[in-house]
Amino acid sequence: MDQIVENYFNLAVMAEALPSVFAGFLVTIQVALCVIVIGIGVGLALALLRSLENPVLDPMITIYIEVFRTLPQLVIMIFVYFALPYAGIRLSPFFAVAIALGAVLSAFAAEIFWAAINALPKGQWEASSALSMSHWQCLKWIILPQAVRLATPLITNRAIAITKGTALGVAVSLQETLGSAQSIMAIKANPSPLTLAAGFYLLFFIPLVAASRKIEKRMAQTTS
Amino acid sequence: MELFLQNFANIDSLLKVWPLLLQGLSLTLLLSVVALPLGLLSGLMVAMAYSFGNSPVRRLIIMLIDLLRSFPVLVLLVLIYYSLPFFGLALPGFAAVVLALVINNTGYYGEIFRAGIESVPRSQHEAAAALGFHRGSAMIYVILPQAVRRVIAPLASNSLELVKMTSLASLVALPELLRSARVAQEQTYNPTPLTAAAVIFFVLLWPFSRWVSQMEKKAIKERA
């Protein structure tokens, strides 16, 4: 028992680690926000572009979605950070993580938005055009409000799952929560900073997971 | 263009590192084959405990599931791999990765099975009881077969995520596919091995990814 306290809850070590783990936590939050904004923004844009049914754009969007839905996040991140420089594209660890995870989330979001748009009855489009609405007017006023509602629980779950991947930033030496904790753990030869890091992650993600549970429950009630 | 191909699709360096990549691939498959059934099983146990438990037990299980779902899997892996040795409990890389994947996915699978079991109407339990089934055998023969059918899509989707997660093993120096590609890249000063690993991952996972996506679309359509 003493050994557990000594190793995992060593207050002296934790106090020393706190400033840099907290700084790392702020980086985690910043990357997470970038990932969510890029992911949902690009995802929605791709779904809307797809609704135009353009024969040139469609295959390109499909390939983008399939590639980023299928490849593991870490593979994409490593590729962006370690392989793209050979093509003259050098990104900081921060942007490498934000873009890699943003691309993954955008692919899932595009697919979910597109499925939701398609799930609505065709009659809604026909009724809108009978009311002489344009394609975009129909999307904006009729289709999207319903599609977004349908997509919300699935997108929230994906967004949370992918945002947790920010911890993978250690692989490209991003000094976020886990990375900062790991370097202090190495210096102090004591894993208490990891406990601290775990605490920060839980602080951030437990409310999100609890919220997604609520959203799911409410959706289940209103649709059944 | 030539320079691009030389960097990203260099046949010479690909031939040199091919055996290394194949070894990596076999370890990726082995990790998946070991962790997947264990994760499914422990998720199912948690869901069973929920459905047979009284209300304090249920609340506790929901808390456990949300805790597991809030914990980034890499943080878990680092805790297991780098901090347990402080207690003289040094797990080999393979075991540490399997343990982290199983614990993490217990939360995801547990929630999926739980939701599936909950979605089976009360009357099914009552009908089984009226036919003289014990609670346990009613669960196995009546409830579970229906529950699993209802959550096939999320189960498949999560299993795909689990296989993708095996790439995290590269961060604890386990030579699975991604790690082998990184090692090969450093030997050849050329990102072709990384491209090759990405292509292998894509070819391996894409059929499942397509299948999951079809099932998810169907699920969205049913809700609309």
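Just check chain B against the gyration tensor rule for me: Cα atoms, a ≥ b ≥ c as the square roots of the eigenvalues, rounded for a/c under 1.5, and otherwise prolate or oblate depending on whether a/b exceeds b/c. Prolate is the answer for chain B, as a/c is 1.5 or above and a/b outweighs b/c. Under 10 Å, Cα contacts only: if you run a Gaussian network model on chain A, which one of A:T156, A:T70, A:T177 comes out with the highest mean-square fluctuation? Taking springs between Cα atoms under 10 Å, the residue moving most is A:T70. A simple rule links phi to the HN-Hα coupling: the Karplus curve 6.51 cos²θ - 1.76 cosθ + 1.60 with θ = phi - 60°, which for segment B:91-96 gives 7, x, x, 4, 5, 4 Hz, with x for Gly and Pro.
Using the Kirkwood formula over every pair of different C-alpha atoms, what hydrodynamic radius in Å results for segment A:1-159?
18.5
Across peptide A:152-158, the mean count of Cβ atoms from other chains lying within 10 Å of each residue's own Cβ comes to 2. Across chain A, Cα pairs under 8 Å and at least six residues apart give a relative contact order of 34 percent. Using the alpha carbons alone, the radius of gyration of segment A:96-224 stands to its Kirkwood radius in an Rg to Rh ratio of 1.17.
Taking label points 7 Å from Cα along the Cα-to-Cβ direction, B:A130 and B:Y189 give a separation of 7.9 nm. For chain B, a Gaussian network of Cα nodes joined below 10 Å ranks B:P175, B:P207, B:P154 by mean-square fluctuation, and the top entry is B:P207. Karplus-based coupling profile of segment B:189-197, in residue order and whole Hz: 6, 7, x, 3, x, 5, 4, 4, 4, with θ = phi - 60° in 6.51 cos²θ - 1.76 cosθ + 1.60 and x standing for Gly or Pro.
The HN-Hα couplings worked out from phi for segment B:50-64 by the Karplus form 6.51 cos²θ - 1.76 cosθ + 1.60 (θ = phi - 60°) are 5, 6, 9, x, 8, 5, x, 4, 4, 4, 4, 5, 4, 5, 4 Hz, whole numbers, x standing for Gly and Pro.
Relative to the longest principal axis of the Cα atoms of chain B, helix B:152-165 runs at roughly 30 degrees. Which angle from 0 to 90°, rounded to the nearest 10, does the C-alpha axis of helix A:57-70 make with the longest principal axis of chain A? Here the helix axis deviates by roughly 30 degrees.
Rolling a 1.4 Å probe across all protein chains gives A:I63 an accessible area of roughly 110 Å². Among A:L144, A:L168, A:L52, determine the one that fluctuates most according to a GNM of chain A built with springs between C-alpha atoms less than 10 Å apart. Highest fluctuation of the listed residues: A:L52. Computed over chain B, the per-residue total of -39500 (n - 2.57) for DSSP H runs of n ≥ 4 gives a 222 nm mean residue ellipticity of -26000 deg cm²/dmol, rounded to 500.
Per-atom-type breakdown for segment A:76-224 gives carbon and sulfur 67% of the accessible area (1.4 Å probe, protein chains only). Protein-only accessible surface at a 1.4 angstrom probe places the residues B:D12, B:D66 in the order B:D12, B:D66, largest first.
The values are calculated or read from the model by the stated rules, or taken from the named source; none is laboratory data. These numbers were taken from a predicted model, which means no experiment stands behind them. Note: ideal-geometry Cβ built from the backbone for every residue, glycine included; neighbour counts use all protein chains shown. Side chains are part of the model used for accessible areas, which takes the heavy atoms of the whole protein and leaves out ligands, DNA and RNA. Shrake-Rupley method; radii C 1.70, N 1.55, O 1.52, S 1.80 Å.
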